Amino acid sequence: MRRAEFVRGAAAALGTLTLSGTLKAQPFRRLLVRAEQEGEEALWRVIREQFVLNPDSTYLNFGGLGAMPLPVIRSYEEWSRAEERSPGAGYDEKNWNEVKVKTARILGKSCRAEDLAFISTATEGINMILNGLPLKKGDEVITSSHEHISLKAALLNLRKRSGVVYRTFDPDLKSGPGNVDRIAALVNSRTRLIFLSHLTCTYGQVFPVKDIAALARAKGLWFALDGAQAAASIPFDLEETGADFYTASCHKWMMAPKRTGFLYVRKDMLDILQPLTVGAGSAERTDMAAGEIVPKPNAGRFEYGTQNEALFFALGTAVDFIEDIGLDRVQAYGRGLAEAFYAGLRDIPGAESVSPEEAAYRSPMISFRISGRDYQDVIRRMGEARIRVRPVNENGLNCIRVSFYINNAVSDVEKILNVLKKSA
Ligand SMILES: Cc1ncc(COP(=O)(O)O)c(C=O)c1O
């Protein structure tokens, strides 16, 4: 579908929406400007009103799955409709790259659009990294014991298929830098890769990724990060993390449609990581007679086949939405609510936060237990009070995780603390 065609068709009906900065979703920005004049409270209320989340429920699980705000829903619907009006294989490269530029902006000022490939999920990215690296039987990967099933399953699969071994460390919750020491203690002559979460899904712990990258560099190891929980939720500059590979889903904190994600490959790693699935869009040139395939000169080589461009063009709108509010402001807001909850836990008899003790390594996700109470019971009680949280059963950790974001209000923090207090 061509941009001009879209503008003539769908945008005419919608009035305001294209990928270009000049015509993008003005109404939300206008609403924001007006609300801002009324003050902070009005501003955050207008932002909350953009979500179609069930108003009878308190959603504290953006870490599990994000929700698209109205401008993103509309964008996705309109781009989908435009596609169905005039189906066309391939996609508008100009718009596609424009969304990559926007996505790169969320990932830090030095992140380059050409180092990103659009994929479906962090799970896909994790598998692309693990299976695309030249790892062989006996090689070792260091990871943490708090990884999401997507990385654990991929490591188990790799071990089964190729005999690549993993070694795990238990995250240090008292000292951020302690994690570097724990990883260093596992490095040996067979280690090839350090692969862990940027921000864990278990306790919402931020790892000291720059220091881990420095260790990886000093030891000649590759360094990969699963950023599924980190993209947009915490401040960082992807390039400065020092990761060679980084992947995330955009359907959590970036609020984009489900099954949007990206894979980042540092430029000098392009020829080391092999694309395992290729097709239309992956190669610059293919020549069956010469037996030659020349991959694209950038991370675009990891994209293949028909794309659902509506998904990714709506990702562009999700970035507009975040930038209209301000990325820093979005991150500070979620973090502020999480810190209020963290502090409030101290007044709940028996409550114990299991998230990192140092504030610098905490995030908008806080995990906790109530001593003497089965965590499933506490979650049931939350359910009765219509509060959506996430059980953490990875590695038998058996606790409860709550995520705070721009869909939430201070009253949500009060609500969950009150329910906990009453049921203590
Ligand atoms: C740390 C982490 N990695 C990977 C994933 C997998 O994300 P997806 O299912 O979108 O691939 C999740 C999902 O919660 C996660 O928390």
- Qualifying positions in the stretch 42-61 - assigned to a helix (DSSP H, G or I) and within 12 Å of Ile406 (Cα to Cα): Leu43, Trp44, Arg45, Val46, Ile47, Arg48
- Task: Any residue in the stretch 399-423 that's under 23 Å from Ala230 (Cβ atoms): show its pairings with residues that are among the hydroxyl-bearing types (Ser, Thr, Tyr) and not in a loop (DSSP other than H, G, I, E, B) at Cβ separation under 7 Å, as long as the two are six or more apart or on different chains.
- Result: Cys399/Ser367; Cys399/Tyr375; Ile400/Ser367; Ile400/Tyr375; Arg401/Ser367; Ile406/Tyr333; Asn407/Tyr59; Asp412/Thr58
- Query: From Ile379, Ile370, Ile366, which residue is modelled with pLDDT of 95 or more and more than 27 Å from Gly178 (Cα to Cα)?
  - Reply: Ile379
- Please specify each residue of the stretch 337-371 satisfying the condition of being of a type in the set (S, T, N, Q) and open to solvent by 10 Å² or more (accessible area, probe 1.4 Å). Ser353, Ser371
- Query: Among the strands (runs of 3 or more DSSP E) contained in the stretch 100-204, which hold 1 or more residues that are more than 30 Å from Gly281 (Cα to Cα) and of a type outside the set (S, T, N, Q)?
  - Reply: 140-144, 165-169, 191-197
- Query: Quick check, is Arg45 at pLDDT 95 or above, open to solvent by 80 Å² or more (accessible area, probe 1.4 Å) and not small (Gly, Ala, Ser)?
  - Reply: yes
- Message: Any residue at all in the stretch 170-188 that's under 21 Å from the mean Cα position of the chain (by Cα), open to solvent by 20 Å² or more (accessible area, probe 1.4 Å) and either within 16 Å of the ligand (Cβ to nearest atom) or within 28 Å of Glu309 (Cα to Cα) (or both)?
- Response: no
- Note on the structure: Log entry, pairs with first residue in the stretch 48-66 being of a type in the set (Lys, Arg), second being surrounded by fewer than 20 Cβ atoms within 10 Å (Cβ to Cβ), beta carbons closer than 8 Å, six or more apart or on different chains, reads Arg48/Ala409
- Task: Consider Gly88 carefully, then state whether it is under 23 Å from Ser363 (Cα atoms) and either away from the ligand (no atom under 16 Å from the Cβ) or modelled with pLDDT of 95 or more (or both).
- Result: no
- Can you pull out the residues in the stretch 66-89 that are in a loop (DSSP other than H, G, I, E, B) and either open to solvent by less than 30 Å² (accessible area, probe 1.4 Å) or over 18 Å from Thr317 (Cα atoms) (or both)? Gly66, Ala67, Ser86, Pro87, Gly88, Ala89
- Message: Return the pair list, or none, for Cβ contacts closer than 7 Å from residues in the stretch 248-261 that are assigned by TED's automatic domain parsing to the domain that holds Lys100 to residues that are charged (D, E, K, R), at least 6 apart or on different chains.
- Response: His251/Lys258; His251/Arg259; Gly261/Glu124
- State whether the residues of the stretch 292-299 include one that is assigned to a helix (DSSP H, G or I) and under 30 Å from Val46 (Cα atoms). no
- Item | Conditions (1) modelled with pLDDT of 95 or more; (2) over 30 Å from Pro391 (Cβ atoms); (3) not assigned by TED's automatic domain parsing to the domain that holds Thr247; number of the one not met by Arg30 | (1)
- Message: Filter the stretch 386-424 down to the residues that are over 26 Å from Ala318 (Cβ atoms), open to solvent by less than 30 Å² (accessible area, probe 1.4 Å) and either aromatic (Phe, Trp, Tyr) or under 28 Å from the mean Cα position of the chain (by Cα) (or both) and list them by number.
- Response: Val392, Glu394, Leu397, Cys399, Ile400, Ile416, Leu417
- Subset of the stretch 33-42 [in contact with a helix residue (DSSP H, G or I) (Cβ under 6 Å, 6 or more places away or on another chain) and open to solvent by less than 70 Å² (accessible area, probe 1.4 Å)]: Ala35, Ala42
- Those residues that are outside any loop (DSSP other than H, G, I, E, B) and either out of contact with any Cys (no Cβ under 7 Å at 6 or more places or on another chain) or under 25 Å from Asp211 (Cα atoms) (or both), I need them from the stretch 226-263; list them, please. Asp226, Leu238, Glu239, Glu240, Thr241, Phe245, Tyr246, Thr247, Ala248, Ser249, Phe262, Leu263
- Note on the structure: Within the stretch 287-311, the residues that are of a type in the set (D, E, K, R) and either open to solvent by 50 Å² or more (accessible area, probe 1.4 Å) or over 19 Å from Asp271 (Cβ atoms) (or both) are Asp287, Glu292, Glu309
- Message: Condition check: touching a Ser or Thr at 6+ places or on another chain (Cβ under 6 Å) and either polar (S, T, N, Q) or buried (at least 20 other Cβ atoms within 10 Å of the Cβ) (or both). Does Ser197 satisfy that?
- Response: no
- Message: Quick check on the stretch 212-225: of everything there that is open to solvent by less than 10 Å² (accessible area, probe 1.4 Å) and not in a helix (DSSP H, G or I), which residue is nearest to Leu337 (Cα to Cα)?
- Response: Leu225
- Query: When only residues in the stretch 93-125 that are polar (S, T, N, Q) and more than 15 Å from the ligand (Cβ to nearest atom) count, which is most open to solvent (accessible area, probe 1.4 Å)?
  - Reply: Asn97
- Note on the structure: Over the stretch 230-248, the set of residues within 13 Å of the ligand (Cβ to nearest atom) and open to solvent by 10 Å² or more (accessible area, probe 1.4 Å) is Ile234
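The values are calculated or read from the model by the stated rules, or taken from the named source; none is laboratory data. These numbers were taken from a predicted model, which means no experiment stands behind them. Counting neighbours? That spans all protein chains shown, and the Cβs are built from the backbone with ideal geometry, glycine included. Each accessible area value is taken on the protein alone, full model and side chains, heavy atoms only, with ligands, DNA and RNA left out. Shrake-Rupley method; radii C 1.70, N 1.55, O 1.52, S 1.80 Å.
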